[in-house]
1. Name the single residue that is nearest to residue 115 (Cα to Cα) among those in segment 14-27 being part of a loop (DSSP other than H, G, I, E, B) and not polar (S, T, N, Q).
2. Looking only at segment 28-64, how many residues end up being in contact with a strand residue (DSSP E or B) (Cβ under 9 Å, 6 or more places away or on another chain), part of a loop (DSSP other than H, G, I, E, B) and either charged (D, E, K, R) or modelled with pLDDT of 90 or more (or both)?
3. When you check residue 68 against the structure, is it more than 11 Å from the chain's Cα centre (by Cα) and crowded, with 16+ Cβ neighbours inside 10 Å, yes or no?
4. Report the residue count in segment 32-79 for those that are within 16 Å of residue 96 (Cα to Cα) and of a type in the set (Gly, Ala, Ser).
5. Can you find even one residue in segment 23-42 that is free of Cβ contacts under 8 Å to residues at least 12 places away in the same chain and surrounded by 12 or more Cβ atoms within 10 Å (Cβ to Cβ)?
6. Within segment 79-117, work out how many residues are open to solvent by less than 20 Å² (accessible area, probe 1.4 Å) and farther than 18 Å from residue 2 by Cβ.
Amino acid sequence: QVQLVESGGGLVQAGGSLRLSCAFSGRTFYNYAGAWFRQAPGKERESVAAIRWSGGSTYIADSVKGRFTISRDNAKNTVYLQMNSLKPEDTAVYYCAARLYGLPSSARDYYDYWGQGTQVTVSS
């Protein structure tokens, strides 16, 4: 059974940094696409970033471009989201998602597996 487990969320002041991790388990991931989404209270879940297993193709949402970076470590079956210069509007539950085969996409329904989410709170 495939499992995605996020970690690294927490409370940080505006301007600070956090790194989220998403560990995949349950099968071997060869040609996967991994992604991060977020959902703030009362809002739709939105795409933040996505990456291909090879690392050669990535997607970053305009709202976080220049501040967030997505990366992966295939040996550890882990995808990371480095978040710098955090703003109060980045406050949300962050979810990791994965598709076993494919290219990065910002579409929610593209992904087959989801983690349970990790809370990120940015104070002003």
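1. Initially, segment 14-27 is screened for residues part of a loop (DSSP other than H, G, I, E, B), giving 14-17, 26-27.
Narrowing further to those that are not polar (S, T, N, Q): 14-16, 26-27.
Details: 14: 26, 15: 26, 16: 24, 26: 13, 27: 15 Å.
Filtering segment 14-27 for residues that are part of a loop (DSSP other than H, G, I, E, B) and not polar (S, T, N, Q), the one nearest to residue 115 (Cα to Cα) comes out as 26.
2. Qualifying residue count, segment 28-64: 7.
3. Working: more than 11 Å from the chain's Cα centre (by Cα): no; crowded, with 16+ Cβ neighbours inside 10 Å: yes.
It is false that residue 68 is more than 11 Å from the chain's Cα centre (by Cα) and crowded, with 16+ Cβ neighbours inside 10 Å.
4. Total meeting the criteria: 9.
5. no
6. The total comes to 6.
The values are calculated or read from the model by the stated rules, or taken from the named source; none is laboratory data. All of these numbers come straight from a predicted model, not from anything done at the bench. Quick reminder, even Gly has a Cβ in these numbers, built from the backbone with ideal geometry, and neighbours come from all protein chains shown. With ligands, DNA and RNA removed, areas are computed over all heavy atoms of the protein, side chains included. Shrake-Rupley method; radii C 1.70, N 1.55, O 1.52, S 1.80 Å.
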